Amino acid sequence: MRVAAVDDANVERVRTFLLHHAETSLFLLSNLISYGPHLGAHINSGNYRYIEHEGRVVAVFVLTRRGNLLAHTGGRGDLVDPILGACAAETMPVTGVVGEWSSAQALWRRLCATPGFVPGRALVGWSS
């Protein structure tokens, strides 16, 4: 399993993953289309990352300038550590989580158990 940055070479694979989960990934997908895969001036922009396992995209996430962690793991709740590890390298703190239910719930629980975590937004999750 590896975490990688979204760039021109892999953005179509990432879009395909998000479209496959369109009911619960529209916010991630629309931000990717609107602001691109890299942190910019807009508060909803961020450095998009994906997790690949056995040659397949299994998760996509981004920590926005606003502090919202947007994540989709295709229902997997076991990707918390690589996602939060990648977010720790960003300049802004995580203040909220938005995503499909299993990943959002797992991420939120871990964040709330972290000493010093100060939530700025509530958990938002979707289930299909």
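Restrict the check to the stretch 69-76 and report whether at least one residue is touching a Lys or Arg at 6+ places or on another chain (Cβ under 8 Å), part of a loop (DSSP other than H, G, I, E, B), closer than 25 Å to Phe117 by Cβ and open to solvent by less than 30 Å² (accessible area, probe 1.4 Å).
No.
Hey, among Leu63, Leu84, which residue is modelled with pLDDT of 90 or more and under 9 Å from the mean Cα position of the chain (by Cα)? Spell out how you get there, then give the answer.
On the way: Leu84 fails: under 9 Å from the mean Cα position of the chain (by Cα).
Going through Leu63, Leu84 in turn, the sole match is Leu63.
Within the stretch 33-51, track down each residue that is farther than 24 Å from Val80 by Cβ and small (Gly, Ala, Ser).
Ser34, Gly36, Gly40, Ala41
I'm checking my understanding of the structure. Among residues of the stretch 1-40 that are without any contact (Cβ under 8 Å) to a residue 24 or more places away in the chain and among the aliphatic types (A, V, I, L, M), which one is least open to solvent (accessible area, probe 1.4 Å)?
Taking the candidates together, the pick is Leu29.
Select from the stretch 10-42 the residues that are modelled with pLDDT under 95 and assigned to a loop (DSSP other than H, G, I, E, B) and list them in ascending order.
His21
Evaluate the following for Val97: is it outside any loop (DSSP other than H, G, I, E, B) and at pLDDT below 95?
On the way: outside any loop (DSSP other than H, G, I, E, B): yes; at pLDDT below 95: yes.
So Val97 passes the test.
Does any residue in the stretch 57-74 that is among the polar types (S, T, N, Q) come within less than 9 Å, Cβ to Cβ, of a residue that is open to solvent by less than 10 Å² (accessible area, probe 1.4 Å) and part of a loop (DSSP other than H, G, I, E, B) six or more places away or on a different chain, and which pairs are these?
Thr64/Ser45; Thr73/Leu79
The values are calculated or read from the model by the stated rules, or taken from the named source; none is laboratory data. Keep in mind that this is a model prediction, so the values were computed, not measured. Counting neighbours? That spans all protein chains shown, and the Cβs are built from the backbone with ideal geometry, glycine included. SASA here: full protein model, heavy atoms, side chains in, ligands and nucleic acids out. Shrake-Rupley method; radii C 1.70, N 1.55, O 1.52, S 1.80 Å.
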